[in-house]
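These notes are about the structure you will find just below.
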Amino acid sequence: MKTSTQVPSDYEEHVGQSRQYWRDMILGVNDGLVSMLLLVAGVVGGNLPVSQVLLTAVAGAVAGAISMGAGEYLATKSQEEVLTAELALEQSHIQSHRPMEMEQLRGMLTAMRLDPGDIDTVAAALGRTDATLLEAMKALEFGVVDSERRSPFKAMWVSGSTFVAGSLPSVVPFLFVDTPGLGLFWAAALAGVGLFGVGVAKTRVTKTSPLMAGAENLAIAGFGGGIAFLVGRGVDRALG
């Protein structure tokens, strides 16, 4: 008779299928928030008028999103190609050098601290067929789990779109202000809220302190923004 197990009320579910793209989401939005704030701080420090700051910010947001998306696509695609080649070689090893692969499997099971009396039994079960041995080696030797592999297209879309989202707090204020300084004030304020929010949001997965994560993001961006402003001011003075 088929039975079902009732899920306890205190059982916490895993993040799920979005887990492998959290890196892209955090990197994209954080890079958009930080790099665009630094960009506008630098050009405002260089005494550019509002119209030129806005043009620079929009161009930076578009270029950054394309660069981020293309970079993630190529990096993820290259990683997948390397894994595909390595797994093909592993399959060849299993077919031609099975005893060596079985010995390697026993070594990895030993490293996992299995009871010595269970190692041969577990190894025999995992190595019963070439297909099961390949799956075992895929997970243990290469750390590859099919559900955790990333699509290059999804990685490109997630990182590029979140970069644009992160850019908005530093771009939008310059649509509504008359002076660069006021625009930078609102850009810094909105980007600061965004950075703190991203720091807090990622603790949903990392289970770390939301306050510390938000403060860390703010500190990094604040330090970088100050440097960018001073560099822009210095270049403006050097150019007379």
Rounded to whole Å, sorted largest first: equivalent-ellipsoid semi-axes of region 180-240, Cα gyration tensor = 31, 12, 6
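Counting pairs of alpha carbon atoms under 8 Å apart in space and at least six apart in sequence, what relative contact order in percent does the chain give?
Working: 266 pairs, mean separation 95.3, N = 240.
40 percent.
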request  = Could you tell me what % of all Cα pairs in region 20-234 have separations over 32 Å?
outcome  = 41 percent
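Dipole size in debye (nearest 20) for region 20-234 around its Cα centre, Lys and Arg Cβ +1, Asp and Glu Cβ -1?
Details: 14 positive and 19 negative charges, 152 e Å.
About 720 debye.
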query = After finding the eigenvalues of the alpha carbon gyration tensor for region 37-91, what semi-axes result from the square roots of 5 times each, listed largest first in whole Å?
reply = 42, 9, 4
task = With a bin width of 10 angstrom, please list the P(r) values of region 38-149 as percents of all Cα-Cα pairs, from the 0 bin to the one holding the largest distance.
result = 12, 28, 17, 11, 11, 12, 8, 1
query = Using the alpha-carbon centroid of each, what span in Å lies between region 139-166 and region 37-83?
reply = 20 Å
remark   = When the charge dipole of region 20-234 is computed with +1 at the Cβ of Lys and Arg and -1 at the Cβ of Asp and Glu, the Cα pointing farthest to the positive end, of VAL193, LEU182, LEU109, is that of LEU182
message = Helix check for the chain. Which DSSP H runs span at least 18 Å along their own axis by Cα, with a mean Kyte-Doolittle hydropathy no less than 0.0?
response = 22-45, 50-96, 152-171, 180-206, 210-238
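Every number in this text was worked out from the coordinates using simple rules, so none of it is lab data. Quick caveat: nothing in here was measured; it's all calculated off a predicted structure. Please note: Cβ atoms are built from the backbone with ideal geometry, for glycine as well, and neighbour counts cover all protein chains shown.
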